[in-house]
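> Pasting a structure below so you can have a look.
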Amino acid sequence: MNILVINGPNLNLLGIRKPDVYGHETLSDIEKWLNEQEESEGHNIEWYQSNHEGDLIDRLQEAMGNTDGIIINPGAFTHYSFALRDAIASVNIPTVEVHLSDIYSREVFRKVSVIKDVCIKQISGKGKSGYVKGLIKLISLSE
Ligand code: DQA
């Protein structure tokens with residue numbers, strides 16, 4: 001399968017940013033780790049990160065016609081970006097929402113995800129394992 005993993009704003013700072021919440025690993029550590037998992041074998045997995053809403057939307061649109069599944073951690077856009085929600089709904093590619101931290105046990109504003117109901121699954125609070133769980137969900141669709 002062709003899988004696209006999208007990470008939104010501030011996730012490029014993983015490893016430095018609030019390690020008590022997000023852990024000590026960088027985004028490229030997590031990318032490398034995911035590639036090494038047996039579930040990744042035989043799949044083409046591309047990673048994309050941007051701090052910019054429009055760039056994330058452009059990348060989602062570019063996935064049309066060449067991508068079988070998307071794993072997205074939209075960072076804080078999760079909580080208010082209706083534009084990102086519309087983009088996910090428009091491209092018609094099965095998408096799993098992933099959060100490293102448990103968005104339901106933090107500040108009140110994080111408990112709302114405006115993208116949850118346009119995704120096939122939400123995974124929150126499982127750390128980097130959320131990405132592999134998202135991959136497993138997408139693979140299960142093709143079985
Ligand atoms: C996050 C949770 C969001 O609330 C936050 O804004 C992030 C990261 C997570 O992975 O836990 O940037 O999506």
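The values are calculated or read from the model by the stated rules, or taken from the named source; none is laboratory data. Quantities reported herein were computed from a predicted structural model and do not represent experimental measurements. Note that each Cβ is placed from the backbone with ideal geometry, even for glycine, and that neighbours are counted across all protein chains shown. Only protein heavy atoms, including side chains, enter the accessible area calculation; ligands, DNA and RNA are left aside. Shrake-Rupley method; radii C 1.70, N 1.55, O 1.52, S 1.80 Å.
> Kindly indicate which of E53, E36, E25, E31 is under 13 Å from the mean Cα position of the chain (by Cα), of a type in the set (D, E, K, R) and over 21 Å from E143 (Cα atoms).
After ruling out the rest, the residue left standing is E31.
> Please list, ordered by first then second residue, the pairs with beta carbon atoms under 9 Å, 6 or more apart or interchain, first in segment 49-71 and closer than 19 Å to K121 by Cα and among the aliphatic types (A, V, I, L, M), second open to solvent by 60 Å² or more (accessible area, probe 1.4 Å) and not in a strand (DSSP E or B).
Within 9 Å, the pairs are L60/S90; I71/K137.
> Can you tell me which residue is most open to solvent (accessible area, probe 1.4 Å) among those in segment 1-10 that are near the ligand (Cβ under 9 Å from one of its atoms) and out of contact with any Pro (no Cβ under 7 Å at 6 or more places or on another chain)?
Among those residues, the one meeting the criterion is N10.
> Continuing with the same structure: Within segment 94-117, take every residue that is in contact (Cβ under 8 Å) with a residue 40 or more places away in the chain and more than 9 Å from the ligand (Cβ to nearest atom) and give me the one that is nearest to G69 (Cα to Cα).
Filtering segment 94-117 for residues that are in contact (Cβ under 8 Å) with a residue 40 or more places away in the chain and more than 9 Å from the ligand (Cβ to nearest atom), the one nearest to G69 (Cα to Cα) comes out as P94.
> Right, something else. Any residue at all in segment 133-142 that's within 10 Å of the ligand (Cβ to nearest atom) and either over 15 Å from I6 (Cα atoms) or open to solvent by less than 20 Å² (accessible area, probe 1.4 Å) (or both)?
no
> With away from the ligand (no atom under 13 Å from the Cβ), open to solvent by less than 80 Å² (accessible area, probe 1.4 Å) and touching a residue at least 12 places away in the same chain (Cβ under 8 Å) as the only criterion, which of A87, A76 stands out?
After applying the criteria, what remains is A87.
> Out of L27, L34, L56, L13, I need the residue that is surrounded by 15 or more Cβ atoms within 10 Å (Cβ to Cβ) and within 12 Å of the ligand (Cβ to nearest atom). Which one?
Only one candidate qualifies: L27.
> Of the numbered conditions (1) in contact with an Asp or Glu (Cβ under 7 Å, 6 or more places away or on another chain); (2) surrounded by fewer than 16 Cβ atoms within 10 Å (Cβ to Cβ); (3) more than 16 Å from G8 (Cβ to Cβ), K116 satisfies every one except a single condition; which is it?
(3)
> Restricting attention to segment 111-143, which residues are of a type in the set (S, T, N, Q) and either farther than 25 Å from G23 by Cα or in a helix (DSSP H, G or I) (or both)?
S129, S140, S142
> Which of the residues that make up segment 9-46 are under 22 Å from A63 (Cβ atoms) and in contact with a Ser or Thr (Cβ under 7 Å, 6 or more places away or on another chain)?
L34
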